[in-house]
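For reference, the structure discussed in these notes is given below.
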Amino acid sequence: VPTHSSLLFSYPEIIFIIGAIIFAIGTSFMKIGVTSFIGLFYENKEEHLDSAYTIFYMISNFGPFIAPLILGIVVGIGYPHLYQYGFFIGALTIFVGLIAFLMLKNKYLITESGEKVGVTPISKMIVKKTGENIARSRGGNLTKIEKDRIKVIFLILIIFTIFYTGFEQILTSILIITIHYINNTIPFTSITIAPQTFISLND
């Protein structure tokens, strides 16, 4: 029975909400920051940019692929209290990744000229290399092409919002459907697969 605090939520629920907020903030900064790095590595070799993003996408999806498999092994079927160990494994891998980042960033996160990536804001790097402030030279006015690109960005954001509203159901409602309506027994055996492992099929 949850122990309730003086607030509207129990103590475990408060911890969960705090953790979810921290997770959302950390994930947002990480994905945007790391993705922006790639363009700086290949600024003079745009023909390699598509391949670089493909490799990055494959690596970034390896975690979501293997995590449900590990979770299915650790938690299994009918043992929800073991989820705490699943979160522990996730926190441990993030910590290892942070240590690796801090140790290797000065060696690998550099441009072709040896300049550290992520230290100087991108806007200042552009001004430094071109020798002029493009926005100020035009009086801050956007061209028709730039305005059209901004409109496209907003259109993409709307489409992405609708898409991911349904896509992220795989972790909630679709998982519940999997638990109740999918036969998770391997044919011709008595071996059962934890419903969580089906999430990895997405990646």
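The values are calculated or read from the model by the stated rules, or taken from the named source; none is laboratory data. Just so we're clear, the structure is a prediction, and the values are computed from it rather than from any experiment. All Cβ positions, glycine included, derive from the backbone under ideal geometry; neighbour counts span all protein chains shown. Note: areas computed on protein heavy atoms with side chains; ligands, DNA, RNA excluded. Shrake-Rupley method; radii C 1.70, N 1.55, O 1.52, S 1.80 Å.
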Answer residue from the stretch 163-176, given it is within 18 Å of residue 71 (Cβ to Cβ) and among the β-branched types (Val, Ile, Thr) and is least open to solvent (accessible area, probe 1.4 Å) among those: 170
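Considering the stretch 53-88 alone, what residues qualify as being among the β-branched types (Val, Ile, Thr), out of contact with any Ser or Thr (no Cβ under 8 Å at 6 or more places or on another chain) and loosely packed, with under 14 Cβ neighbours inside 10 Å? Break it down stepwise before answering.
First, pick out the residues of the stretch 53-88 that are among the β-branched types (Val, Ile, Thr): 54-55, 59, 66, 70, 73-75, 77.
Cutting the leftovers down to out of contact with any Ser or Thr (no Cβ under 8 Å at 6 or more places or on another chain) gives us 54-55, 59, 70, 73-75.
54, 55, 59, 73, listed by residue number.
Hey, among 160, 188, which residue is assigned to a helix (DSSP H, G or I), over 13 Å from residue 64 (Cβ atoms), open to solvent by 70 Å² or more (accessible area, probe 1.4 Å) and modelled with pLDDT of 80 or more?
On the way: 188 fails: assigned to a helix (DSSP H, G or I).
Testing whether each residue is assigned to a helix (DSSP H, G or I), over 13 Å from residue 64 (Cβ atoms), open to solvent by 70 Å² or more (accessible area, probe 1.4 Å) and modelled with pLDDT of 80 or more leaves just 160.
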Residue 30, sole failed condition from (1) surrounded by 11 or more Cβ atoms within 10 Å (Cβ to Cβ); (2) under 15 Å from the mean Cα position of the chain (by Cα); (3) modelled with pLDDT of 80 or more: (3)
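Residue-wise test of (1) among the hydroxyl-bearing types (Ser, Thr, Tyr); (2) under 26 Å from residue 201 (Cβ atoms); (3) more than 25 Å from the chain's Cα centre (by Cα).
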| position | (1), (2), (3) |
| --- | --- |
| 142 | no, no, yes |
| 146 | no, no, yes |
| 153 | no, no, no |
| 159 | no, yes, no |
| 162 | no, yes, no |
| 166 | no, yes, no |
| 169 | no, yes, no |
| 173 | yes, yes, no |
| 179 | no, yes, yes |
